[in-house]
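Chemist: Take a look at the following structure, please.
Values in this text are rule-based calculations from the coordinates and carry no lab data. Quick caveat: nothing in here was measured; it's all calculated off a predicted structure. Neighbour counts run over all protein chains shown; Cβ positions are idealised from the backbone, glycine included.
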Amino acid sequence: MLNWIDATALSTWLKESPSVWAFPTVLTLHTTGMGVLVGASYVFDLRLLGIGRNVPLSSYRWVFPTLAVGLGVNIVTGILLFIKDPTHWGTAFPFFVKMGLVIASAATVVPMRSLVLSSGPEQREVSSNMRLLAIASIVAWSGAITAGRLLAYVVP
Amino acid sequence: MNHVPTVGSVGALGLLLLGYLRRNEHLKHVGLEVLFLIALLTLPVYVSGVAAHQEIRPIKEVSDDAIRVHQDAALIGFTVMEFAGFVAWAALWQWRRRGHAAPRIVPAATVLLVLALALMARAANLGGEIRHPEILAGGVAAPAGDPERFMTWSINQVAVYSRWAWPAAETVHFLGLSLSFGVLLAVNLRILGAMKQTPFSDVHRLLPWGMLGFGANLITGMFFFVGQPGQYSSSEPFKWKIVFLVIAGANFLYLTVFGGPWVSNGDKRFDAGLGDKAMAILSMCSWLAVLWAGRMLPFLGKAF
């Protein structure tokens, strides 16, 4: 399976094209998506932890479509990056650690979204469970970035 | 270009001192803004200085030691200048929110500026000795010396030989990127029309978190640059990264101090004008350009 992906035209193009619009652009878009996705997450986590506690939770509705855009870009570019070297990533343990962290991070967004969507226009209080979730979210996203960045160094 | 930091700092210092003398808060405010902009412009000056070093290194008559002494002095001057810029920014941020800065923060910025000015003058003086070796005591016979006593040399060694320093700094660089990008996203989206129910002052509240992310990236970025200057000094995308950083930084100052939402206590339902919206778009575009140029360093340049 991995070898089959490796032999596809798309994989070859990503591996061999000298164009800036091939691999370099995919990688840059992956980093941009990360900035949007993790950045918007951090901002909302900070709000849950009390930074800007005057702001009603409902004002943070914009965060979720933004996260969806960032996540969408990174799923597409992430798949492309995988297709470029499937036998490399598909057999590397640290890669699966990163995937686990990304899934865990994204999972923290689900209860946050329902909190915001169900909150009234003046609701500002955050339960202690939500604050814990915010900490988990910061840790998980930071872990995902750390794992992702270190992949370039620990996977030979 | 090389004289911008020194000449500009004298200007900023003049404005601050005049502000004290005349008890004119407005002059102090302008002085802090100029100080921030000079700290910003010191970045390209420092970077171009290191690039010049890369070029003159093969010239035999130039003493390597004289260059190293100048580089260390320049790095110290640059660091204090950036620190002064951060403090000035913090003062301006407080000023915007409270109508005045905390009592000690403006004097602190002034003292740091004086210190930075003195250190930069020293660096400039030592820089003069590179091209005019006759003013060096001992002239050509200056001893080659032990490179370990130089700060830039040590940073270079850590960058090249430590197994963890570079990857760790890269990781922090990406975390800082995400934090500052998220804050800028929130502030600029508010200006562009999201979070309409939220007073602007409540998103302005987030700016120091953006600055925290940026500070982490300036430190780690300088580590890369000082550690491996050869990768960057002649790199085309790096040049663009610095250009867009200066634009983005100036824009960040605008986001910090602009008056629109604050006048007449009316920040509650602040509707940004066309100019402010244009600035918000410019802010996002210039930060995206910084990110783009940075990520392209290995492909359009020769960094890894």
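Chemist: Points 7 angstrom from Cα along the Cβ direction at A:VAL110 and A:LEU10: gap in nanometres?
Modeler: 2.6
Chemist: When the dipole is taken about the Cα centre of the protein assembly as shown, and only Lys, Arg (+1) and Asp, Glu (-1) are charged at their Cβ, what size is it in debye, to the nearest 20? Could the numbers behind the result be given before it?
Modeler: Values: 34 positive and 24 negative charges, 261 e Å.
That gives the protein assembly as shown a dipole magnitude of about 1260 debye.
Chemist: At 222 nm, what value in deg cm²/dmol follows for chain B if DSSP H runs of at least 4 each add -39500 (n - 2.57) and the sum is divided by all its residues, to the nearest 500?
Modeler: After summing the helix terms and dividing by residue count, I get -25500 deg cm²/dmol.
Chemist: Give the shape of region B:150-298 as rounded, prolate or oblate, defined through the alpha-carbon gyration tensor: a ≥ b ≥ c are the square roots of its eigenvalues, a/c under 1.5 means rounded, and otherwise the shape is prolate if a/b is larger than b/c and oblate if not. Numbers along the way, then the final one.
Modeler: Working: a/c = 3.01, a/b = 2.32, b/c = 1.30.
In terms of gyration-tensor shape, prolate.
Chemist: Using a 10 Å cut-off around each Cβ, can you sort A:SER59, A:SER128, B:SER286 from fewest to most neighbouring Cβ atoms? Mind showing how you got there, number by number?
Modeler: Numbers: A:SER59 24, A:SER128 7, B:SER286 20.
Going from least to most buried by this count: A:SER128, B:SER286, A:SER59.
Chemist: By counting other Cβ atoms within 10 Å of each Cβ, how are B:LEU192, B:LEU185 ranked from fewest to most?
Modeler: Numbers: B:LEU192 14, B:LEU185 25.
Result, fewest neighbours first: B:LEU192, B:LEU185.
Chemist: Which value, to two decimals, describes the C-alpha radius of gyration of the protein assembly as shown once divided by 2.2 N^0.38 Å?
Modeler: Here the Cα radius of gyration is 1.07 times the empirical estimate.
Chemist: Taking a ≥ b ≥ c as the square roots of the eigenvalues of the Cα gyration tensor of chain B, is the shape rounded (a/c under 1.5), prolate (a/b larger than b/c) or oblate? Walk me through the numbers before you get to the answer.
Modeler: Values: a/c = 2.55, a/b = 1.52, b/c = 1.68.
In terms of gyration-tensor shape, oblate.
Chemist: What is the distance, in nm, between label points placed 7 Å from the Cα along the Cα-to-Cβ direction at A:SER19 and at B:TYR161?
Modeler: 4.5
Chemist: With viscosity set to 0.890 mPa s and temperature to 25 °C, compute the Stokes-Einstein D of region A:2-154, Rh being the Kirkwood radius across alpha carbon pairs; µm²/s, no decimals. Each step should come with its number before you reach the end.
Modeler: On the way: Rh = 16.9 Å.
Roughly 145 µm²/s, to the nearest whole number.
Chemist: Go through A:TRP62, B:SER283, A:VAL73 and say which Cα lies farthest out towards the positive end of the charge dipole of the protein assembly as shown; charges sit on Cβ, +1 for Lys and Arg, -1 for Asp and Glu.
Modeler: A:TRP62
Chemist: May I pose another question? B:THR79 to B:SER201: extension gain in nm, 0.36 nm per residue of separation minus the Cα-Cα distance? Present the calculation step by step, with values, prior to reporting the outcome.
Modeler: Working: separation 122, 0.36 × 122 = 43.92 nm, distance 3.06 nm.
My answer for the length gained is 40.9 nm.
Chemist: Something else: Neighbour counts of other C-beta atoms within 10 Å: give me B:LYS239, A:LYS98, A:LYS15 arranged from fewest to most. Intermediate results must be reported in sequence, preceding the final value.
Modeler: Values: B:LYS239 18, A:LYS98 21, A:LYS15 13.
Starting with the residue having the fewest Cβ neighbours, the order is A:LYS15, B:LYS239, A:LYS98.
Chemist: What helices in chain A pass both tests, a Cα length along the helix axis of 15 Å or more and a mean Kyte hydropathy of -0.5 or higher, using whole DSSP H runs?
Modeler: Helix filter hits for chain A: A:23-48, A:63-84, A:93-118, A:128-154.
Chemist: For A:LEU49 paired with B:LEU17, estimate the spin-label separation in nm (one decimal), with each label point 7 Å from Cα along the Cα-to-Cβ line.
Modeler: The two pseudo-label positions are separated by 4.3 nm.
Chemist: Select from B:ALA91, A:THR91, B:LEU40 the residue farthest towards the positive end of the dipole of the protein assembly as shown; place +1 on Cβ of Lys and Arg, -1 on Cβ of Asp and Glu, and compute about the Cα centre.
Modeler: Towards the positive end, the residue furthest out is B:ALA91.
Chemist: Could you calculate the contour length gain from B:HIS26 to B:ARG57, that is, 0.36 nm times the residue separation minus the distance between their Cα atoms, to one decimal place in nm? Intermediate values should be presented prior to the final figure.
Modeler: Working: separation 31, 0.36 × 31 = 11.16 nm, distance 4.64 nm.
Using 0.36 nm per residue and subtracting the Cα-Cα distance, I get 6.5 nm.
Chemist: Please compute the length gained on full extension between B:GLU236 and B:SER154, using 0.36 nm multiplied by the number of residues separating them and subtracting their Cα-Cα distance. Before the final figure, lay out each step's value.
Modeler: Details: separation 82, 0.36 × 82 = 29.52 nm, distance 2.66 nm.
Extra length available between B:GLU236 and B:SER154 comes to 26.9 nm.
Chemist: Next question, about the same structure. Treating the beta-carbon of each Lys and Arg as +1 and of each Asp and Glu as -1, no other charges, what is the dipole magnitude of region B:150-298 about its Cα centre, to the nearest 20 debye? Each step should come with its number before you reach the end.
Modeler: Values: 10 positive and 6 negative charges, 29 e Å.
My answer is approximately 140 debye.
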